[in-house]
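Okay, structure first, notes after.
Readers should treat all values here as calculations from the given coordinates under stated rules, not as data from a laboratory. Just so you know, these numbers come straight off a predicted model, no measurement behind them. All Cβ positions, even for glycine, are placed from backbone atoms using ideal geometry, and neighbour counts span all protein chains on display.
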Amino acid sequence: MNRLSNATLADLPADVICPAYDRAAVACGVVHLGIGAFHRAHQAVVFDDALNAGDLRWGIIAASLRSPAVRDQMAPQDGLYTMLVRDGAAEQARLIGAVRQVIVAPEEPQALLAALASPDTHIVTLTVTEKGYKLDPSTGALIESDPQLAADLISLDRPQTAPGYLVAALALRRAAALPPFTAISCDNLPHNGRRLRAAVIALANRHDPALADWIAAEGAFPETMVDRIVPATTPDDIVALAQRIGVEDQAMVKTEPFIQWVIEDRFCGPRPDFGAGVQVTAAVAPWEEAKLRLLNGAHSGIAYLGGLAGIDHVHEVLALPEARHFVESLWDEAETTLSPPAELDVAAYRRELMARFDNPTLKHRTRQIAMDGSQKLPQRLLATIAARLEAGQGIDALALAVAAWVRWQAGVDDLGQGHQVDDPLAAAMASVLEGAGDAESRVAAILAFDPVIPADLAGNAQFATALTHWLAILETQGARGALAAFSGVTA
């Protein structure tokens with residue numbers, strides 16, 4: 001079967017929505033670091049909307065900082081790919097044409113630096129996951145012991161990290177008398193713009209204090225919040241799409257109708273006239289906090305409990321009444337810690353979240369969400385727990401979610417099936433937990449693990465007691481037993 005490409009566009013069915021602009025006339029005003037499925041279903045769609053609206057400055061040069069896989073999927077397709085929007089029985093196929101080039105940074109570091117330093121580039125977006133920023137999840141400081149960051153601290157001739165590429169490119173722009181670009185983190189980091197700015201300035205200061213001062217004075221690092229559920233594409237998805245549209249698309253993504261991008265109104269250069277789904281605002285933090293503590297916090301709890309129970313998908317976990325009770329209870333706890341913006345109706349948001357979780361056509365895998373838990377828990381669950389404890393409030397649901405994460409580190413589910421603990425700190429956590437003979441000692445070991453557990457929780461007796469209680473139940477009765485026991489607990 002032929003691949004999707006410019007040459008096969010005319011062969012597509014009439015119901016496939018195609019770009020309404022001349023791709024050859026597009027200038028690349030965006031460089032994106034970390035081109036995965038989420039970017040292709042979120043930011044790339046927003047810039048594609050701008051192109052469709054007639055502003056041809058917003059094509060994308062994308063980069064993978066590690067693997068050539070996405071480049072190898074997209075290059076034979078001239079950068080085209082299909083976005084399937086699924087909602088129950090309804091499905092819409094749309095071709096996204098905004099991505100004009102994909103660079104594999106380890107293979108072509110100078111090509112990526114040239115793109116970042118180009119006068120056409122006004123915005124740089126990043127989806128490199130929490131671990132890609134090389135920041136300690138508890139303190140926000142650079143992890144100088146990280147081998148890639150250590151190399152960038154020595155030399156930026158061939159950068160190895162996202163902050164390294166930004167600093168090297170900003171140095172080139174300053175030398176060429178070009179303004180800096182606006183750098184927009186689109187990852188689930190608390191205060192992501194502030195953290196990215198701090199990382200870039202700290203690294204720049206190690207190489208050239210004058211450059212660091214210029215970035216601080218002239219650059220822009222807006223806070224942002226992004227939201228769209230984008231499950232991993234499976235081989236079956238690719239086969240089914242090929243049967244539908246008559247060509248093979250190795251770069252397709254699938255997603256839900258909902259899309260949200262809240263961006264702080266802080267740019268240092270041009271920006272598109274953002275359309276539907278994008279809100280430019282003076283304060284992102286309240287939106288970000290609500291999303292992290294409600295959507296992402298619940299997702300992590302569902303992922304670890306469902307994964308331990310041997311349940312593959314989010315909607316299947318929520319088919320259990322006791323799991324729905326757990327999620328609603330977790331939201332009850334988290335909601336008390338929020339300061340929502342006036343535009344956010346939290347009750348309606350919770351109803352909408354549950355409906356999104358229930359979407360059976362997305363098939364969002366629990367094991368996909370369970371990845372990189374050490375990087376996610378501080379902002380998704382631990383910060384909420386700290387706020388509840390400070391207010392003298394209970395933490396039953398939140399503690400059960402964290403206990404499930406601790407149990408996940410054993411690498412085996414309740415059915416005796418092994419799983420990979422896909423986490424940058426997996427080996428370190430395994431070492432910490434090795435030899436801990438019971439739930440109480442395992443909790444003590446994990447609470448002393450300061451790369452994840454903040455100091456205000458490490459010595460908190462109420463947290464330790466709740467965590468030990470739920471971990472013991474998980475280890476003796478399994479995740480289903482823990483959820484059944486929880487269903488009688490008053491949050």
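Are there GluC sites (Glu not before Pro) in region 395-487 that DSSP marks as loop and that have at most 13 other Cβ atoms within 10 Å, and which are they?
GLU434
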Here are a few candidate values for Cα extents along the principal axes in Å: (i) 108, 55, 36; (ii) 62, 56, 44; (iii) 80, 42, 42. Which one was actually calculated from the structure I just gave you? (ii)
So what is the relative contact order for region 285-486, in percent, with contacts set as C-alpha pairs under 8 Å and at least six apart? 28
In whole Å, how far is the Cα centre of region 306-341 from that of region 458-481? 17
Tell me the label-point distance for the pair ARG244, ILE17, using the 7 Å Cα-to-Cβ offset, in nm and rounded to one decimal. 1.3
The chain, relative contact order [Cα under 8 Å, separation at least 6], %: 14
With the crude spin-label approximation of a point 7 Å out along Cα→Cβ, what separation in nm comes out for ALA111 versus ALA177? 3.1
In order over region 3-20: 3J(HN,Hα) from phi, Karplus 6.51/-1.76/1.60, θ = phi - 60°, whole Hz, x for each Gly or Pro, gives 8, 4, 5, 4, 6, 9, 4, 5, 8, 6, x, 5, 7, 7, 7, 10, x, 9
Acute angle (nearest 10 degrees) that the helix 43-52 long axis makes with the longest principal axis of the chain, alpha-carbon atoms: 30
C-alpha long axis of helix 162-175 to longest principal axis of the chain, angle in °: 30
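May I ask you to derive the FRET efficiency for ASP213 and LEU433 from their Cβ-Cβ distance with R0 = 41 Å, giving the value to the nearest 0.05?
Working: r = 45 Å, r/R0 = 1.09.
Efficiency, rounded to the nearest 0.05: 0.35.
Which of rounded, prolate, oblate describes region 227-316, given a ≥ b ≥ c as roots of the alpha-carbon gyration tensor eigenvalues and a/c under 1.5 marking rounded, otherwise prolate only if a/b is larger than b/c?
Working: a/c = 3.53, a/b = 1.27, b/c = 2.78.
The shape class here is oblate.
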Per-residue HN-Hα couplings for region 280-297 [Karplus 6.51, -1.76, 1.60; θ = phi - 60°; Hz; x = Gly/Pro]: 8, 9, 6, 9, 8, 3, x, 5, 4, 4, 5, 5, 4, 7, 9, 5, 5, x
Taking amide H positions as placed in the peptide plane 1.01 Å from N, state which residues far from GLU223 in sequence (5 or more) or on other chains have amide H under 5 Å from it. GLY193, GLU264
What nm value, rounded to one decimal, do you get for the distance between GLU144 and PHE449 when each label is placed 7 Å out toward the C-beta? 2.5
Once both axes come from the Cα atoms, what is the angle between helix 209-218 and the longest principal axis of the chain, in degrees from 0 to 90, rounded to 10? 90
Convert each backbone phi in region 436-448 into a coupling constant with the Karplus relation 6.51 cos²θ - 1.76 cosθ + 1.60 (shift: θ = phi - 60°), then list the ³J(HN,Hα) values in order as whole Hz, x for Gly and Pro. 6, x, 8, 4, 5, 6, 5, 5, 4, 5, 6, 5, 8
